[in-house]
Structures are given as structure tokens and as C-alpha cells.
1. Within the stretch 224-243, identify whether any single residue is assigned to a loop (DSSP other than H, G, I, E, B), of a type outside the set (D, E) and within 13 Å of the ligand (Cβ to nearest atom), and answer yes or no.
2. Given the condition of a type in the set (G, A, S), without any contact (Cβ under 8 Å) to a residue 24 or more places away in the chain and not assigned by TED's automatic domain parsing to the domain that holds R262, answer yes or no: does some residue in the stretch 33-55 qualify?
3. Among the numbered criteria (1) within 16 Å of the ligand (Cβ to nearest atom); (2) under 24 Å from G141 (Cβ atoms); (3) out of contact with any strand residue (DSSP E or B) (no Cβ under 7 Å at 6 or more places or on another chain), which one does G261 miss?
4. Tell me, yes or no, whether the stretch 34-49 has at least one residue that is in a strand (DSSP E or B), modelled with pLDDT of 95 or more and closer than 26 Å to L325 by Cβ.
5. Only residues that are in a helix (DSSP H, G or I) and surrounded by fewer than 17 Cβ atoms within 10 Å (Cβ to Cβ): list them for the stretch 69-97, please.
6. Give the residue, chosen from V247, V219, V237, that is closer than 22 Å to V279 by Cβ and either surrounded by fewer than 22 Cβ atoms within 10 Å (Cβ to Cβ) or assigned by TED's automatic domain parsing to the domain that holds D357 (or both).
7. R59 passes all but one of (1) within 11 Å of the ligand (Cβ to nearest atom); (2) part of a loop (DSSP other than H, G, I, E, B); which number fails?
8. Are any residues in the stretch 175-217 at pLDDT 95 or above and charged (D, E, K, R), and if so, which ones?
Amino acid sequence: MQVLVVGAGVVGLAVARAAARAGHDVIVAEAAGAIGTGTSSRNSEVIHAGIYYPPGSVRAFHCVRGRRMLYAYAQAHGVPHRKCGKLLVATRDAERAKIETLCAQAKANGVEGMTMLSGAEATTLEPALNCVAAALSPETGIVDSHALMLALQGDLEDAGGVVAFRTPVTGLSPDRAGWEVRYGGAEPGTLTVDAVVNAAGLGAQRVAAATAGLPPVRVPRLVLAKGNYFQYAGRPVFSHLIYPTPVEGGLGTHVTLDLAGRMRFGPDVEWIDTESYDVDPARAEKFYASIRTYFPALPDGALAPDYCGIRPKLTGPGEPAADFLVEGPAEHGLPGLVNLFGIESPGLTSCLSLAEDVLARLG
Ligand SMILES: Cc1cc2nc3c(=O)[nH]c(=O)nc-3n(C[C@H](O)[C@H](O)[C@H](O)COP(=O)(O)OP(=O)(O)OC[C@H]3O[C@@H](n4cnc5c(N)ncnc54)[C@H](O)[C@@H]3O)c2cc1C
């Protein structure tokens, strides 16, 4: 079968790799000039354990299965990663119950090794931390997302697949033989394939809206939630990832560590109307306030604006968080088409598991 994947982010590449290894002819059409220039290179690079998502949800399933697959893949392919563990902290008594509920939820999701710690036990592990209780998640880690995408692209190419850069998909129409794909770029044209996977991230709704025959009700709304990061000037003071009690729309402004040993803070939640990747230095004030709840010794002047990413959410402020939305022929009735919507966190962690799901839907 000829399969066209729209988007060379971590999810599109994982799907393309799985399809090529299953024996399909695979082309990835990517609007940009390189892999992973979208959300996949603008995140915390955390391998999530599977704590935050309701048991039975699509996110819980793919996060837990995807995390196990990702560690095995990274190990086998020499993708830099580290299982550094994470502390999810309550900084006041009122937050304790929330942390305990999340710890219980994680166990229900099948997350291994989750343990509740007292404030004293947590500060023994992390002396700079202020907290009254914490949940320790030993399975949480970090990964070099770009090295991961390069490894996926390498596997794809080894199995005969290709990535076509600067090839924005502009429309899809069902064709007797499968799907006619229209694309723009320097040399616009059309192509007929048997199946299409729409893994266009922030562009997924645009591609779906330009799909002839797809009922408009199957194109969910897109809500943009920007997450800004600030870098920390100085040597890292934490060896675990530190997450506060989650906030609406995000996991809270946490401590992220990268494999080069740098420490940064983020992401916050900024609801926006149009894509923009500037980080407003004025947001630092709120960062200082929220970080000092768990890291009181954060010095003045230690933060500088860094990068940001945009979560492709399906619900907005004040609404319940949406699940990942993966729709194949069983949902929309069109053979040979799978749409992925709302693949925000933990999409990086889930990519290998999502890829298996998509492949099964293609038949
Ligand atoms: C602030 C933030 C922090 C996050 N932290 C984490 C984390 O720590 N751990 C985790 O597991 N997940 C995290 N995530 C989520 C994770 O980054 C995403 O779920 C994942 O990167 C999504 O990958 P993707 O391939 O679906 O999308 P993308 O990486 O956005 O890729 C989509 C690609 O499609 C291309 N495209 C768009 N339209 C078209 C078109 N018409 N034609 C051709 N190409 C097109 C784009 O150029 C892009 O390259 C975070 C996300 C954000 C925003």
C-alpha cells in the first residue's frame, strides 16, 4: 500500500517508520525544510510516566505503553536519554490531597514505582526544595527529541521511505484508487496514494478542513495554548524533574533538565489566537512567583527568556481537558484516512504507541 503521512514531527515520523517497516511504500510530506521544526522541537523533552491522565483515556494508554516503548527504542538506537525521576510536589497542605489523588491515578494507569514521600523525605533527595509532601515517579525521564526524530527518520529511510521537504499538503480528495493529494511548494502538483495519515500537528485541522467528503463535524476546533520557557543562569540545583501541583491547561511551571545538564523552567499557559513564538520577558515576574513556591532560594535575575511551544488543544480555558483524538475509517467513514487531532503532551512520549494504533486503523 502507498501511504502518505502529512507532517514530519515526532508523531508523523513514528507513524511513517512503522508503516514502512510493515512493508508499505511511505512518503512523508513536510511543509518545512527539515524534520521536527514544529511542536516536536518546542517542548520539555520529558518522557512522561502516565500520571495525569484519567484511567481508560487514550492519553493514559499511549503514555504508559509509549513510555515503555520509547525507553526500549532509545536504548536500542543510542538515542540520548536519562531516567532521572521526578518529584510532583505539594507546597502547602491544601495541595496534599491533589498529589495523593494523582499518585493513586498513576498507579491505576499502571505507572510503576509511584511512592508518596513526606516533605522531609523529599528534601533529603532535593535539599533546595520546599514542599510538605511529594509523589516520587522513578519512571519519568528526559530524551533528546531531535536525536529521537533522526533515529526514526533513519529507520524510515532504511525501510525505503522518504521525506519530501517543502511540500505543504493543501487538499485531499477521495479517488477511485485511494486519495488524490494536492501539494504546494516550489513545484506544486498532485499525487495518488492508497492511504493518508494526517499528523500535521497545529496544521491538522487545516488539512482535515481541506479533505473532500470529510463531514465538518469530524474537524474539531483548534485552541492554541502557548507554553513559555525561561532558562536558569547557573548550575542546576535539582537532579530530579520537579513539578508543582498542575494548573488549568498545563502541568504547572516545572523544572526541566536537559541532557547537556542545563536547567530551565516552564512551560506556563498563555491562551493565544494566532501562532507566535516570541517569549515576552514580562512573564518572568509570574515565573519567579510560582517557582519560589517550591524553590524559595531562586535568586533575583536568574531567569532569562528562552523558547516556547504551542499545544494544539481541542478545548479552551474553563473547559475539561480533551483527550487525544485519533479518527480512522470507523469514526469518519472514509477508507484509508487517519486524522490525529489534539496531540499535545504527552505526544512525544506516546509517539511509538500512537504509530501502532494508526497502523492498525489503516488495516
Ligand atoms: C510547551 C509544550 C511542552 C510539551 N512537553 C512535552 C513533554 O515533555 N513530553 C511529551 O511527551 N510531550 C510534550 N509535549 C507534546 C509534544 O511536543 C507533542 O505532542 C508532539 O511533539 C507532537 O508531535 P506531532 O508530530 O504531532 O506535531 P509537530 O511536531 O507539530 O509536527 C507536525 C508537522 O506537520 C507539519 N505540517 C503542518 N501542516 C502541514 C501541511 N499542510 N503539509 C505538510 N506538513 C505540514 C509541520 O511543519 C510540522 O513539522 C509538549 C508540547 C508543548 C507545546
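1. Within the stretch 224-243, not a single residue is assigned to a loop (DSSP other than H, G, I, E, B), of a type outside the set (D, E) and within 13 Å of the ligand (Cβ to nearest atom).
2. no
3. Unmet for G261, out of (1) within 16 Å of the ligand (Cβ to nearest atom); (2) under 24 Å from G141 (Cβ atoms); (3) out of contact with any strand residue (DSSP E or B) (no Cβ under 7 Å at 6 or more places or on another chain): (1).
4. yes
5. A72, Q75, A76, H77, D93, A94, A97
6. When all the criteria are applied, what remains is V247.
7. Among (1) within 11 Å of the ligand (Cβ to nearest atom); (2) part of a loop (DSSP other than H, G, I, E, B), R59 violates only (2).
8. E180, R182, D194, R206
The values are calculated or read from the model by the stated rules, or taken from the named source; none is laboratory data. Keep in mind the model is a prediction, meaning the values are calculated, not measured. In this analysis, Cβ positions are derived from the backbone assuming ideal geometry, glycine residues included, and neighbour counts consider all displayed protein chains.
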